[in-house]
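Data block below; observations after.
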Amino acid sequence: MKKLFFPLTILLATSAAAQENQFVVYSVKGNVTVVQNNAETKAKIGTIVTSGSTIKVPQGSFATLICNETRAFSLNKAGNYNTASFKDSCKVGGGSLSSNYMKYVWNEMTKPKGSPEKNRKQYMNNVGAVSRGINNVWIDPKLDTVNYVSGTVPLSWKAFTESEEFEFKLFESATGGEPIHSKVVMKKHVDIKDILTIIKPGKTYYWTAMVKGEENEDRKLLKYWTKEEYAIYYNSIKNAGPAAESDGEKNFRIAFILEEAHFLAEAYDHYLKATQFTPDNVFFRSTFMSFKKDYEIK
């Protein structure tokens, strides 16, 4: 997905001052063109469309735009569209795309050249609160909740000591009670696939890690979804995107929403597919690599 490098603050400030909207091309098919400043150019993913411009959509072509108010809509009928007619399309409401997803795409497509890559985690919901306890082991709040269906997901932590031995514990309650599983490990993670003989689909568990011989009351939630439960959720988001969406864009959208909902293994699969469908898309690949780094997935 091509990025155009325009300062977002300037874009938003200009838009607010003029009480007008601006748009970025999210997806396009066919020979769609944009006429602005008396010049006509072919629309590409990442093209910024300003107020007072015209978008020409030939027969058999279509385009999906994201408004600066982070609402997506598609132009899938032939015609010439003046952006002044899109005002109602930008009204905040029940859109088909995740609001956080659209904010992420908008900001990534319009950020200035050379600026550090924005961390998509700031767009994720419910990452949890930082533990207030003092402990030699720290578990990232992004792992406060993990929804698991299948695949590989490491439950990881960091240590503030030189200790080489850690203890992983699994509970059936958020506080108190004896662990249903305890294991000493030499690494700073335990993969869920290593405890599949202990956990059961449809149940919720809590886990923590500590330096061997110490205690840690900071427990994280692990929900093991049944395939039937997950299928219902997945089908609700699978085809909820815009009409003009390529296979790569569809998988990237689904991956982001799955990560937002803490289905990490499934998000990984769709991020990977997005990069496979569009191997030259730097935006998709950089997000995928950041995702793997954040969750320590090899």
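Tell me, what does the Kirkwood hydrodynamic radius of the range 213-289 come to in angstroms if you use every pair of distinct C-alpha atoms?
For the range 213-289, the Kirkwood estimate is 13.9 Å.
Apply 1/(1 + (r/R0)^6) to the Cβ-Cβ distance of D191 and N38, taking R0 = 51 Å, and write down the FRET efficiency to the nearest 0.05.
With a Förster radius of 51 Å, E is 0.30.
According to the square roots a ≥ b ≥ c of the eigenvalues of the Cα gyration tensor, what is the shape class of the range 149-298, taking rounded for a/c under 1.5, prolate for a/b larger than b/c otherwise, and oblate for the remainder?
It comes out oblate by the Cα gyration axes.
Can you tell me, using C-alpha contacts under 8 Å and at least 6 residues apart, the relative contact order of the range 215-298 as a whole percent?
20
Anything over 21 Å Cα to Cα? Flag those among K121/K183; K250/K292; K203/K298; K238/K298; K121/K200; K142/K200, in the order listed.
Violating the 21 Å Cα-Cα cut-off are K121/K183; K203/K298; K238/K298; K121/K200; K142/K200.
Rounded to whole Hz and in sequence order, give me ³J(HN,Hα) for the range 205-216 from the Karplus expression 6.51 cos²θ - 1.76 cosθ + 1.60, θ = phi - 60°, writing x for Gly and Pro.
Working through the residues one at a time gives 10, 9, 9, 7, 9, 7, 5, 3, x, 10, 10, 8 Hz.
Taken together, the values in this text are just the output of simple stated rules run on the coordinates, not laboratory data. In this text the structure is predicted, and so the values were computed from the model without any measurement. Glycine gets a Cβ as well: all are built from the backbone with ideal geometry, and neighbour counts include every protein chain shown.
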